[in-house]
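What follows is a single structure, written as structure tokens, with notes after it.
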Amino acid sequence: MSMPDLSSELLDWYDVHARAMPWRVGPEARRRGVRPDPYRVWLSEVMLQQTTVAAVKAYFERFTMLWPTVADLAAAPDAAVMGEWAGLGYYARARNLLKCAREVVEVHGGSFPGTRAELMTLPGIGPYTASAIAAIAFDQPETVVDGNVERVMSRLHAVHTPLPAAKPELSAHAAGLTPQERPGDYAQAVMDLGATICTPRSPACGICPWRTPCAARDEGTQAELPKKTPKAAKPVRHGIAYLGRRTDGAWLLETRPDRGLLGGMLGWPGSAWGNAPQDAPPVSAAWRDPGIEVRHTFTHFHLKLALRVADLPADAEPERGGFVAPHAFRPSDLPTVMRKAFDAVAASFGPIDRTG
Ligand code: SF4
């Protein structure tokens, strides 16, 4: 089968099987002339860098309900956006999200630019996201290569070189298939094929639109591909977090420094994270060790967080952080690791003094 045939075979499949997504304009609506909203495409792509489609849907709907346009998001207070992002992880992306929205408004008059090169000048938009927005929102013939696409290409062309060394070869195969007609639909079609048919463990080759030309299926090697170079084990870091509550129920929290992991997010004061964390109580108090350790995995390391808890007196004067009144405290505003710490010890505090 020639290259144009391969892409048109896949587009025929997509016309029938496209997944419905809150940010997607499906093939039928596209035919009727409905255009995707670049703001929604961009927002979904940034969110999808973090996690799965299923997990992103609720965040996407909440963001677009609160901030329906890029101008609304640009005008939002930083803390509100950070709070809504909590749970999606990797907060540098949320900071860049805001920077990007503001630049689109201030420099581009509120409209996303339509080419990959211009998109790449915006904060937080790298080569992959720029290609995805250019293809999906603006129908530019850009090639979009994510993990799904790499898997499909490695099988379609029976590439046995392990990842990541195989990346350039897989990208070249993907580029060779990108059509001039309907490139936006095509980009989404390959992703859908990888997510629903050509899945990692048990590809459904029998119903795949590319079953005839697929070289791995012909060899019977589809379940082994793509091959991967084994990853080095992630290091383990240790830390101590201090969960203090004043007798009136106010929690001692601090906003983390803007730079670095969980930058700009609200969290429990604590030690630096390393091999041997030093005690760093934010206020002098009778800190108790509940004997609980919270575990959390970040992109580059595992964290084991020891906890300390204390009921703090009404006149406590912390050296770090500040008190957040009970009515203003929402555990869901905390990043996941900090929420895990809260959940682990929330029941171990004394009664709140409501007489004050
Ligand atoms: S035939 Fe099977 S291995 Fe090949 S692309 Fe389709 S689902 Fe993937």
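The values are calculated or read from the model by the stated rules, or taken from the named source; none is laboratory data. Just so we're clear, the structure is a prediction, and the values are computed from it rather than from any experiment. Note: ideal-geometry Cβ built from the backbone for every residue, glycine included; neighbour counts use all protein chains shown.
Values computed for the structure shown
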{"read-out": "Candidate set from segment 90-109 (those that are surrounded by fewer than 20 Cβ atoms within 10 Å (Cβ to Cβ) and outside any helix (DSSP H, G or I)); member that is modelled with the lowest pLDDT", "value": "TYR90"}
{"read-out": "The one condition in (1) within 20 Å of the chain's Cα centre (by Cα); (2) within 16 Å of the ligand (Cβ to nearest atom); (3) of a type in the set (Gly, Ala, Ser) that ALA134 fails to fulfil", "value": "(2)"}
{"read-out": "Strands (runs of 3 or more DSSP E) completely within segment 275-356 that count 1 or more residues being of a type in the set (Ser, Thr, Tyr)", "value": "293-297"}
{"read-out": "Flag for ALA328 being modelled with pLDDT of 90 or more and in contact with a Gly (Cβ under 6 Å, 6 or more places away or on another chain)", "value": "no"}
{"read-out": "Condition broken by ARG211, with the remaining ones in (1) surrounded by 20 or more Cβ atoms within 10 Å (Cβ to Cβ); (2) more than 31 Å from the chain's Cα centre (by Cα) satisfied", "value": "(1)"}
{"read-out": "Qualifying residue in segment 180-201 (condition: surrounded by fewer than 16 Cβ atoms within 10 Å (Cβ to Cβ), in a loop (DSSP other than H, G, I, E, B) and within 22 Å of the chain's Cα centre (by Cα))", "value": "yes"}
{"read-out": "Conditions (1) in a loop (DSSP other than H, G, I, E, B); (2) of a type in the set (Gly, Ala, Ser); (3) crowded, with 19+ Cβ neighbours inside 10 Å: number failed by ALA216", "value": "(1)"}
{"read-out": "Qualifying positions in segment 140-168 - of a type in the set (Asp, Glu) and within 16 Å of the ligand (Cβ to nearest atom)", "value": "ASP146, GLU150"}
{"read-out": "All positions within segment 219-241 that are touching a strand residue (DSSP E or B) at 6+ places or on another chain (Cβ under 8 Å) and not in a loop (DSSP other than H, G, I, E, B)", "value": "LYS228, VAL236, ARG237, HIS238, GLY239, ILE240, ALA241"}
{"read-out": "The listed residue being basic (Lys, Arg) and at pLDDT below 95, out of ARG237, ARG256", "value": "ARG256"}
{"read-out": "For PRO257: the one exception among (1) more than 19 Å from LYS340 (Cβ to Cβ); (2) in contact (Cβ under 8 Å) with a residue 12 or more places away in the chain; (3) of a type outside the set (Lys, Arg)", "value": "(2)"}
{"read-out": "Top-ranked residue of segment 260-274 - restricted to ones that are in a strand (DSSP E or B) and closer than 20 Å to THR299 by Cα, ranked as farthest from the chain's Cα centre (by Cα)", "value": "GLY274"}
{"read-out": "Tabulated pairs, segment 196-214, first more than 20 Å from ALA54 (Cα to Cα), second assigned to a loop (DSSP other than H, G, I, E, B) and more than 6 Å from the ligand (Cβ to nearest atom), C-beta under 9 angstrom, 6+ apart or interchain", "value": "TRP210/MET1; THR212/MET1; PRO213/MET1; CYS214/HIS157; CYS214/ALA158"}
{"read-out": "Residues that are free of Cβ contacts under 8 Å to residues at least 12 places away in the same chain and surrounded by 15 or more Cβ atoms within 10 Å (Cβ to Cβ), drawn from segment 110-167", "value": "PRO113, MET120"}
{"read-out": "Hey, PRO257 surrounded by fewer than 18 Cβ atoms within 10 Å (Cβ to Cβ), over 22 Å from the mean Cα position of the chain (by Cα) and not charged (D, E, K, R) or not", "value": "no"}
{"read-out": "Restricting segment 179-233 to residues that are among the polar types (S, T, N, Q) and within 12 Å of the ligand (Cβ to nearest atom), the residue that is nearest to ALA132 (Cα to Cα)", "value": "THR196"}
{"read-out": "Residues of segment 217-249 classified as under 31 Å from the mean Cα position of the chain (by Cα), over 30 Å from HIS327 (Cα atoms) and not β-branched (Val, Ile, Thr), total", "value": "15"}
{"read-out": "Which listed residue, of TRP67, TRP85, is closer than 24 Å to GLY114 by Cα and either of a type in the set (Lys, Arg) or out of contact with any Asp or Glu (no Cβ under 7 Å at 6 or more places or on another chain) (or both)", "value": "TRP67"}
{"read-out": "Output for segment 285-306, where each listed residue is loosely packed, with under 13 Cβ neighbours inside 10 Å and touching a Pro at 6+ places or on another chain (Cβ under 9 Å)", "value": "HIS300"}
